[in-house]
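Report on one structure; see the data block that follows.
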Amino acid sequence: MAFSKILVASRGEIAVRLLQAAHEHGYRSVAVYSDADANAPHVQLADEAVYIGGSASADSYLRAEVILDAARRTGADAIHPGYGFLAENADFAQSCADAGVTFIGPPPSAIRSMADKARAKAQMAQAGVPLIPGYSGDDDSPERLAIEAEKVGFPLLIKATAGGGGRGMRQVNAASELAEAIVSARREAQSAFSDGRLMLERLITGGRHIEVQVFGDSHGSVIHLGTRDCSAQRRRQKVVEEAPAPGLTAEQAHTIGVDAVNAAKAVGYQNAGTVEFLLDPSGEHYFLEMNTRLQVEHTVTEEVCDIDLVDWQFQVASGAPLPKEQDEIALTGHAIEARLYAEDPYNDFAPQTGTLLRFRPEAVTIHLVLRVDAGVVEGGHVTPFYDPMIAKIIAHGADRDEARRRLIIALQDLPIAGLQTNRDFLIALLQSSEFRTPTLHVNTLDEWGTAGAAQLQRPQPSDRDWHLAAALFGAAHIQPLCTSIVTDVELNLVCGEQTRTLNPRENNPVTLLCCEGDVVHYKSDGITRSARALLHLSKLHLAQPDGSYVFEQERPWEAGEDAVHPDQVCASVAGTVVAVQVAPGDSVSAGQNLAVVEAMKMETQHPAARAGTVAEVYVKTGTQVESGALLVRLEPLDGENTDGQ
């Protein structure tokens, strides 16, 4: 079972992490890449790289036969699937074995057992692992699900029996919502996993997402490496994770760990895996699912255990026993990971695409006990084809609050510009009373969105920010900053929906001092401060600890003819059209959904701005669209004007 060359069948930050580990531990490496990833960091890092197809994952990273052929052509005798794509595909794992290639992960039988959530629940019941009440029978017709939903009670969750990561999952609060939720969940599950089967679970409100890292070897040993808390989620997608899970008693942590090991043993598990539980407000825990792969958040476990989990994966896959036994596992301090996404948290977490103009994590890793796992580099492009995560930022401290403080400072000081990110939201989340207490549960972030919480209100620039922006626009240069040449012309500056007219010099309370790279030092109210500034194509990207903003000079001619008309329904994100809900001639009401675009694991509805008749539909299911593309054009109802007033 020994191997010497590893092909990494993934992309992004996990591919970089795996390739670095391969080099560190003495293995040659092979990367695979799509059209969109031709210049990606993981391609540059590998010893060899093989092109595997088009940008869409179905045309590249999900093509098992092409990836196996790449292993054959390069002589790779092992494949690490990373996470996502083929990582939990039992058929792929079996194909590797049939081809004489070591699959660095669990055996196909274990993947099959846990890939089907209904089958997994049955096995967990036999193993004595506590389960959430629900329905997971073979008959998942809409009629049967409606009957079983009444038995389970509302609110409940519809879940895809295959896959994970929140795909194919819908919360249903009342019977009237069930039919539409079944259609939507089944469509997403079919798209994500080629399996549209569904199950139901009682929704436990106020619960926490607790998971346990388990590890098994081919010699019959299975151990756990402590708990993680992954309750900070929006739409069942994790945002911040930490280890160990805070607030658990020693007895709770022990019991959950034992149940996780029993779950793994029940399916003959080998290599790295994660058993996920829901902890209800009373302190009882219930099995959710098992992820038969390395998790995104494995980093926090590595930090508190001082263990390289990828190295353990390599050793176990080569036939070696686990490097440690259960009583040798010791946790030190606390670790917190924040997922830095290219998304707009203040616009329903809409994914963003474009070029990352500035990203220099080394600037914050130098002086903090910090780790950054990144899949995009400065100048790199975030595309609509994959998950929009830019990097994982991990802080380790002597205790939870020290780790939290270090992570906040790292995010505040991180040089990043060019794309809307969730940086400011992450800072607000880590500073929130719910996180500090901690009382945050799996529904908290979604509740913030409906309750108008401060953490989900878009930060607004202060007067000082506006004056600093005016001074910087008025300066002749930003790098290096020349403070001796500042214009006296009034500037009309725009930031978001706000516009101000300011003079860079006259009555400006901000004085520019000097610039070191992208760090601008300035004086205001008798206090010397610093900010990060980048001027690119007439836009000023300005970041301070309390917020990041983009300023530009107003161009009045862009209004009018180029304004989006209320009768034009345009794509709010770049992605794939997964549903067209109207046809020419249909009458629609204001707010009625007309089309659905899927981008980076999220479906976005596109409603009509007002009532009208469908004049033209420009897309069909499967169409790839850019942000701003025209989807549907309406005609106003008789008697209504067409000027948008």
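Values in this text are rule-based calculations from the coordinates and carry no lab data. The model shown is predicted, which means the values in this text are computed figures rather than measured ones. Cβ sites come from the backbone with ideal geometry, for glycine too, and all protein chains shown count toward neighbours.
Filter Lys117/Lys151; Lys121/Lys620; Lys117/Lys238; Lys117/Lys620 down to the pairs with a C-alpha to C-alpha distance above 28 Å, please.
On the way: Lys117/Lys151 20 Å; Lys121/Lys620 38 Å; Lys117/Lys238 20 Å; Lys117/Lys620 32 Å.
Check vs 28 Å cut-off fails for Lys121/Lys620; Lys117/Lys620.
For segment 133-202, just say rounded, prolate or oblate: build the C-alpha gyration tensor, square-root its eigenvalues into a ≥ b ≥ c, call rounded for a/c under 1.5, and beyond that prolate if a/b exceeds b/c, oblate if not. Let's see the in-between values first.
Working: a/c = 1.64, a/b = 1.51, b/c = 1.09.
Judged from the Cα gyration tensor, segment 133-202 comes out prolate (a/c at least 1.5, a/b above b/c).
Hey, what do the phi angles of segment 122-129 turn into as Karplus ³J(HN,Hα) couplings, whole Hz, using 6.51/-1.76/1.60 and θ = phi - 60°, x for Gly and Pro?
5, 5, 5, 4, 5, 7, x, 8
Calculate one ³J(HN,Hα) per residue across segment 407-416 by plugging θ = phi - 60° into the Karplus curve 6.51 cos²θ - 1.76 cosθ + 1.60, and present them in order as whole Hz with x for glycine and proline.
After applying 6.51 cos²θ - 1.76 cosθ + 1.60, I find 5, 4, 4, 4, 5, 5, 9, 5, x, 8 Hz.
Per the helix-only calculation at 222 nm, which mean residue ellipticity applies to the chain, given -39500 (n - 2.57) for every DSSP H run of n ≥ 4 and division by its residues, nearest 500 deg cm²/dmol? Before the final figure, lay out each step's value.
Values: 17 runs with 169 residues, N = 645.
Taking each H run of at least 4 residues, the total per residue is -7500 deg cm²/dmol.
Rank these for me by crowding, Ile210, Ile307, going from fewest to most other beta carbons within 10 Å. Could the numbers behind the result be given before it?
Details: Ile210 25, Ile307 18.
If I rank by nearby Cβ atoms, fewest first, I get Ile307, Ile210.
Report, by chain and number, residues whose modeled amide H sits under 5 Å from the one on Ser231, excluding near sequence neighbours (fewer than 5 apart, same chain).
Residues meeting the criterion, in which the H sits 1.01 Å from N, are His209.
Can you give the extra length, in nm with one decimal, that the chain gains between Glu626 and Thr249 once fully stretched, where that is 0.36 nm per residue apart less the Cα-Cα distance?
130.7 nm
Residue by residue through segment 43-49, which ³J(HN,Hα) values in whole Hz follow from phi under the Karplus form 6.51 cos²θ - 1.76 cosθ + 1.60 (θ = phi - 60°), with glycine and proline marked x?
5, 5, 7, 6, 5, 9, 9
Give, as a single signed number, the net charge of other residues whose beta carbon lies under 14 Å from the beta carbon of Gly54, with Lys and Arg counted +1 and Asp and Glu -1.
-1
Among Asn507, Ser109, Trp466, whose Cα projects farthest towards the positive end of the dipole of the chain, with charges put on the beta-carbon of Lys, Arg (+1) and Asp, Glu (-1)?
The one lying farthest along the dipole's positive direction is Ser109.
Based on DSSP loop calls and a cut-off of at most 14 other Cβ atoms within 10 Å, the longest stretch of the chain free of exposed GluC sites (Glu not before Pro) is what?
Segment 1-283 is the longest.
Translational D (Stokes-Einstein, µm²/s) of the chain at 4 °C and 1.567 mPa s when Rh comes from the Kirkwood sum over C-alpha pairs? Show your work: numbers first, answer last.
On the way: Rh = 26.5 Å.
It comes out at roughly 49 µm²/s.
Percent relative contact order of segment 133-202, based on C-alpha pairs within less than 8 angstrom and at least six residues apart?
Working: 129 pairs, mean separation 30.0, N = 70.
Taking the mean separation of contacting Cα pairs over the length of segment 133-202, I get 43 percent.
Going by amide H atoms built from the backbone, whose H comes under 5 Å of the H on Thr604, apart from near neighbours?
Sorted by chain and number, the residues that satisfy this are Val597, Glu598, Ala599.
Determine the gain in length on full extension of the stretch Glu150-Glu325; use 0.36 nm per residue of separation and subtract their C-alpha separation, reporting nm with one decimal. It would help to have the intermediate numbers written out before the result.
Numbers: separation 175, 0.36 × 175 = 63.00 nm, distance 4.64 nm.
Length gained, Glu150 through Glu325: 58.4 nm.
With contacts defined as alpha carbon pairs under 8 Å and 6 or more residues apart, what's the relative contact order of segment 207-331 in percent? Intermediate values should be presented prior to the final figure.
Details: 228 pairs, mean separation 38.5, N = 125.
Value for segment 207-331: 31 percent.
Rounded, prolate or oblate for segment 333-457? Axes are the square roots of the Cα gyration tensor eigenvalues, ordered a ≥ b ≥ c, and the cut-off for rounded is a/c under 1.5. The partial results should precede the final answer.
Values: a/c = 2.13, a/b = 1.10, b/c = 1.94.
Oblate, since a/c reaches 1.5 and b/c is not below a/b.
Once amide H atoms are built 1.01 Å from N in the peptide plane, which residues 5 or more positions from Ala36, or in another chain, come under 5 Å H to H?
Ser55
Roughly how many debye, to the nearest 20, is the charge dipole of the chain about its Cα centre, given +1 on each Lys and Arg Cβ, -1 on each Asp and Glu Cβ, and no other charges?
Numbers: 53 positive and 86 negative charges, 140 e Å.
Charge dipole of the chain: 680 debye, to the nearest 20.
Be a star and scan segment 17-32 for residues whose amide nitrogen sits under 19 Å from the point 7 Å along the Cα-to-Cβ vector of Gln44.
Answer for segment 17-32: 17-24, 29-32.
Normalised by the number of residues in the chain, what is the relative contact order in percent for Cα pairs under 8 Å and 6+ residues apart?
Numbers: 1429 pairs, mean separation 57.9, N = 645.
Result for the chain is 9 percent.
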